[in-house]
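Only the coordinates and a few stated rules stand behind these numbers; no lab work does. Predicted, not measured: the structure shown is a model, and the values here were computed from it. Cβ placement follows ideal geometry from the backbone for every residue including glycine, while neighbour counts extend to all protein chains displayed.
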Amino acid sequence: MNQYNDLIIKCPNPEHPNNVKLVCFDESCKADRLYCMQCSRNGIHFSHPQHQYQLPNLFDHFEKIEKECDDLINRLSRQIDLVQQSFYQLIGGIKTKYVISKEQVLNLNSKQINSILAETIQFKSFRSTIEIQIQKSSNELQDQIQKLYQDLGLNYLNYYQVNDSDIKKSEEFYQKGYKLYWYDHKYEEAITMLDQALSVNSKHQLALWCKAESLKMLDQYNEAIVWADKALHIDPKHFNSLYTKAESLRMLEQYNEAIIWVDKALQIDPKHTNSLFTKSSSLRGLGQYNEAITWADKVLQIDSKHFNSLSTKSTSLRMLKNYDEALAVIEQSLQINPNHLDSLWSKGKCLQDQNQYQEALICYDKALKIKENHQWTKDRRNECLEALKKK
């Protein structure tokens, strides 16, 4: 607080030549909150001296309100996230109940088919009911939010304007930060530069996104989400911020939430390979292997050499015990890069699951030459050696 002791602000009363010395924090007070000693001698704020503080306390107040504001926004965001999770659960249930493949029908008996048929015949009535209910709830929520926005006077806020000089200075800091992030991969240095951009213009959307992305690259996923949310508060359809948030959620193993946010990104760019991969990998994390393969194939149609998608597809096939198909996909990735660790691990596990222990050992040994202290590989290798001893 001492750094603000020399702060100079003129008294709001034009007849007083003095500078502001005191601040009033009484909620019911109608007088000017900032006032000088002459105002005090004139009896202003006399009725509530317990709420009067020295001017430097103003900044303690602003810092406290900033924290409380961030806490409120985070709580509200969590409420909306819960709504989105419930919605995703709903649409997932609808798909599970009403989308029946030919293969599924062939594995059912006549009683089960009859039950499904009865439900699907009623789908038209169900569709009408649910659309009306969701539309009504959506309209009510939007009306309530708009009313709050107007009642709080948020549409009239204009405390300050960022001048052209500040905008230019902020942009210069952002460009330096972006270069450190994109070209130099110096993420911590990038964040330092981006913070300078945001200190001049806190609404610089690309600086907010770039800071979020830099935090993600440093594996600071929770912090990355916070800054991605700040960028999305300015533009809810900013593609890169949507992807950054979705991928951070995936890395935190919050797969349902990741899918919600990556779906928003894919509505903007349906062919963005990294977003498609995020969805595929999230589905795999949820154990939805067939769906994961479908989305991995979407990536591979665009980029046949996308390592991560090849790995996701092969792992999903392995979990479905489709070993031949899994091995074919793994061989495809190994042709591109014979030292691709995920592919060596996956191939070794496929062979091990089929009791081909000698062949699996070859894969594990190759993997250990690349990453010699990888415990999972060591454990699988020992399992194969023990199995060979028992033969």
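Output the relative contact order of segment 1-152, whole-number percent, from Cα pairs under 8 angstrom with separation of 6+ residues.
Normalised by residue count, the contact order of segment 1-152 is 15 percent.
Quick one: dipole size for the chain, taken about the Cα centre, charges +1 on Lys/Arg Cβ and -1 on Asp/Glu Cβ, in debye to the nearest 20.
So the dipole magnitude of the chain works out to roughly 1240 debye.
Could you tell me what a quarter of the Cα convex hull surface of segment 2-55 works out to, in nm² with one decimal place?
Mean orientational projected area (segment 2-55, Cα hull): 3.9 nm².
Count neighbours as other Cβ atoms within 10 Å of each site's Cβ, and list the chymotrypsin sites (Phe, Trp or Tyr not before Pro) in segment 16-75 that are DSSP loop with at most 12 such neighbours.
When the chymotrypsin sites (Phe, Trp or Tyr not before Pro) of segment 16-75 are filtered for loop state and at most 12 Cβ neighbours within 10 Å, F46 remain.
I'd like the distance between the alpha-carbon centres of segment 298-337 and segment 46-86, rounded to an integer number of Å.
Measuring centre to centre over Cα atoms gives 50 Å.
Between the DSSP loop rule and a limit of at most 10 other Cβ atoms within 10 Å, which GluC sites (Glu not before Pro) in segment 1-65 are left?
The qualifying sites are E15, E27.
Let me know the number of lysine pairs in segment 184-288 closer than 16 Å at the Cα, not counting same-chain pairs under 8 apart.
16
In Å and on Cα atoms, what radius of gyration and Dmax does segment 101-159 show?
Rg and Dmax of segment 101-159, Cα atoms, are 22.6, 70 Å.
Just going by the charge dipole of the chain, with Lys and Arg at +1 and Asp and Glu at -1 on Cβ, which of A212, S40, I302 is farthest out on the positive end?
Value computed over the given set: I302.
Reachable lysines from K389, Cα under 28 Å, same-chain residues fewer than 8 places away excluded?
Those lysines meeting the cut-off are K321, K347, K349, K366, K369, K371, K378.
Calculate one ³J(HN,Hα) per residue across segment 183-196 by plugging θ = phi - 60° into the Karplus curve 6.51 cos²θ - 1.76 cosθ + 1.60, and present them in order as whole Hz with x for glycine and proline.
So the J values, rounded to whole Hz, are 8, 9, 6, 9, 6, 5, 5, 4, 4, 4, 5, 5, 4, 5.
Give a residue-ordered list of calculated ³J(HN,Hα) values for segment 202-207 (Karplus: 6.51 cos²θ - 1.76 cosθ + 1.60, θ = phi - 60°; whole Hz; x for Gly, Pro).
Here the 3J(HN,Hα) series is 5, 9, 5, 4, 5, 5 Hz.
Cross-link candidates for K10: which lysines have Cα within less than 17 Å, leaving aside residues fewer than 8 places away along the same chain?
List returned: K21.
Can you tell which of V105, V226, V329 shows the greatest fluctuation in a Gaussian network model of the chain with Cα springs below 10 Å?
Of the options given, V105 has the highest mean-square fluctuation.
Could you calculate, for the chain, the ratio of the Cα radius of gyration to the Kirkwood radius, expressed as Rg to Rh? Show your work: numbers first, answer last.
On the way: Rg = 29.6 Å, Rh = 26.4 Å.
Rounded to two decimals, Rg/Rh equals 1.12.
Can you give me the long-range amide H partners of K10? Hydrogens built in the peptide plane at 1.01 Å from N, cutoff under 5 Å, separation of 5 or more residues or another chain.
V20
Would you mind calculating the gained length between E103 and S28 on full extension (0.36 nm times residue separation, minus the Cα-Cα distance), in nm to one decimal?
20.0 nm
When only C-alpha pairs under 8 Å and at least 6 residues apart count, what is the relative contact order of the chain, in percent?
Here the relative contact order equals 6 percent.
Which GluC sites (Glu not before Pro) in segment 250-339 sit in a loop by DSSP (not H, G, I, E or B) and have at most 16 other Cβ atoms within 10 Å of their own Cβ?
The qualifying sites are E253.
So for segment 271-391, averaging the separation of alpha carbon pairs under 8 Å that are six or more residues apart and normalising by length, what relative contact order in percent results?
Relative CO of segment 271-391 lands at 16 percent.
When the chain is modelled as a GNM with alpha-carbon springs shorter than 10 Å, which of L286, L108, L361 fluctuates the most?
Largest GNM mean-square fluctuation: L108.
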